[in-house]
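Just below is one structure, and these are the notes that go with it.
The values are calculated or read from the model by the stated rules, or taken from the named source; none is laboratory data. Because the structure is a prediction, the values reported are computed rather than measured. Methodologically, a virtual Cβ is constructed for each residue, glycine included, from the backbone with ideal geometry; neighbour enumeration extends over all protein chains shown. Remember, those area values only see protein heavy atoms, side chains included, never the ligands or the DNA or RNA. Shrake-Rupley method; radii C 1.70, N 1.55, O 1.52, S 1.80 Å.
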Amino acid sequence: MDKKRPELLCPAGDMERLKMAVAYGADAVYLAGTMFGMRSFAGNFTPEELKDAVGLCKAHGVAVNITCNTMPRNDEVARLPEWLEYLDDLRVNAVIVADVGSLALVKRHAPHVQIHISTQASIVNYQTASAWYDLGANRVILARELSMDEIREIRAKTPKDLEIEAFVHGAMCVSYSGRCLLSNYMTGRDSNRGACAQPCRYKYALMEEKRPGEYFPVYEDEKGTYIMNSRDMCMIDHIPELIEAGVDSFKIEGRAKSAYYAAIVAGAYRHAVDAALAGEPLDPVWRDEVEHISHRHYSTGFYYGQPGQFTEDARYIRDWQVCALVESCQSDGTAVLSLRNKFAVGEELELVGPDVRPERFTVSAMTDGDGLPLTEARKPQMKLIMKLPRAVPPLSLLRRQASGE
């Protein structure tokens, strides 16, 4: 059966990350203004920046979805109509909301914009999905806690023109559908308003009331305690099954993550989706790319049952470091680079970019922006010129394997 082409939906925490997502293959991006979004520590977009972002995306045929998925309080809901009218004027593609009051305001103040229901709404059955559709929703973003079989049933028992979006990659949360009070209680930072301090990742010990400063380790087993240590989701090996299940949009988590993350994950899943639609296996080189970003140990989330817990530690795996960004490149491979981390002549680096297979090479020579020879580039953001193994597009990256742990 011919399947509808699914959308690859990528995070964009700021303009740099947005440009990366677009260059590396996103069909759509989701981002936030400076209010009403669930990631207050992402850079986010001022009204003027958002106008520029929408212009850039429209020029590349990329859809723009705006997150308004906090649960607005009285003072905030009073300001929401003005923001929605601005989004309507910009002709963004969709607004993501989590409550019925916000949905009603979108219908009234942004009539040209689609309505997507946030994963914060905890949609776990076909009746709830259909009810949101009846209220005017164009898409539902399913709870991460669903299995593949449950998604198939939701797709089979909901209106065909209701789109289904599901997470395929990124951080998982110990709470239910991202709704948690732990951060509020311990730090005063509201996780449901985009300010989570991630106390679920802290290393805890026990202290007795009358023995201040005397810590006793907490052990769940001989390896320690890991009751809140969720792994990251990675479904890149299962894209054909997600297409078969009827998922319309594959969502990558990570608006607060780096531009490098935005680029590499978008590129990897771009190739995975294209390979699946062509009926071909994913080239292992692109599968390997998701191992080149900072991440916790991977699992397939709840798609095939309980994801389980990783019992060794809660640290990120950070095996690769970005050295430079390609600003421009001539046909012979001579490139102008912007430095991100120092490197020297004689070092082995790896070149990767939009639809550019990773390629290792040894730095033989480089100059600064004035053409003076360099043996080591050290000053962040400095311009340098060097010959790459081949011509590559702007926003390609030079990286190296990190030393140490």
Considering region 90-123, residues that are open to solvent by less than 60 Å² (accessible area, probe 1.4 Å) and in a loop (DSSP other than H, G, I, E, B), and then whichever is farthest from Glu165 (Cα to Cα), we arrive at Ala110
Options Tyr30, Tyr24: the member that is touching a helix residue (DSSP H, G or I) at 6+ places or on another chain (Cβ under 6 Å) and aromatic (Phe, Trp, Tyr)
Tyr24
Out of all the residues in region 161-169, is one or more assigned by the TED database to the domain that holds Met235, out of contact with any strand residue (DSSP E or B) (no Cβ under 7 Å at 6 or more places or on another chain) and without any contact (Cβ under 8 Å) to a residue 24 or more places away in the chain?
yes
Before we move on, is Glu163 buried (at least 16 other Cβ atoms within 10 Å of the Cβ), at pLDDT 95 or above and in contact with an Asp or Glu (Cβ under 6 Å, 6 or more places away or on another chain)?
yes
Go through (1) in contact with a helix residue (DSSP H, G or I) (Cβ under 6 Å, 6 or more places away or on another chain); (2) modelled with pLDDT of 95 or more and name the single condition Ala59 misses.
(1)
So in region 348-358, with the set limited to residues that are open to solvent by 60 Å² or more (accessible area, probe 1.4 Å) and part of a strand (DSSP E or B), which one is nearest to Pro284 (Cα to Cα)?
Arg357
The lone condition Gly254 fails out of (1) at pLDDT 80 or above; (2) open to solvent by 80 Å² or more (accessible area, probe 1.4 Å); (3) of a type outside the set (Ser, Thr, Tyr); (4) assigned to a loop (DSSP other than H, G, I, E, B) is (2)
Residues of region 335-347 being part of a strand (DSSP E or B) and either surrounded by 15 or more Cβ atoms within 10 Å (Cβ to Cβ) or under 25 Å from the mean Cα position of the chain (by Cα) (or both), in sequence order, are Ala335, Val336, Leu337, Ser338, Leu339, Phe343
Among all residue pairs at least 6 apart or on different chains, which show Cβ distances below 7 Å where the first residue, located in region 289-304, is free of Cβ contacts under 8 Å to residues at least 60 places away in the same chain and under 11 Å from Asp232 (Cβ atoms) and the second is outside any loop (DSSP other than H, G, I, E, B) and open to solvent by less than 40 Å² (accessible area, probe 1.4 Å)?
Ile293/Tyr260; Ile293/Tyr261; Ile293/Ile264; Ile293/Val265; Ser294/Tyr261
What number of residues in region 124-179 are of a type outside the set (Asp, Glu), in a loop (DSSP other than H, G, I, E, B) and at negative phi?
19
Quick one: would you say Glu280 is in a loop (DSSP other than H, G, I, E, B), open to solvent by 30 Å² or more (accessible area, probe 1.4 Å) and touching an Asp or Glu at 6+ places or on another chain (Cβ under 9 Å)?
yes
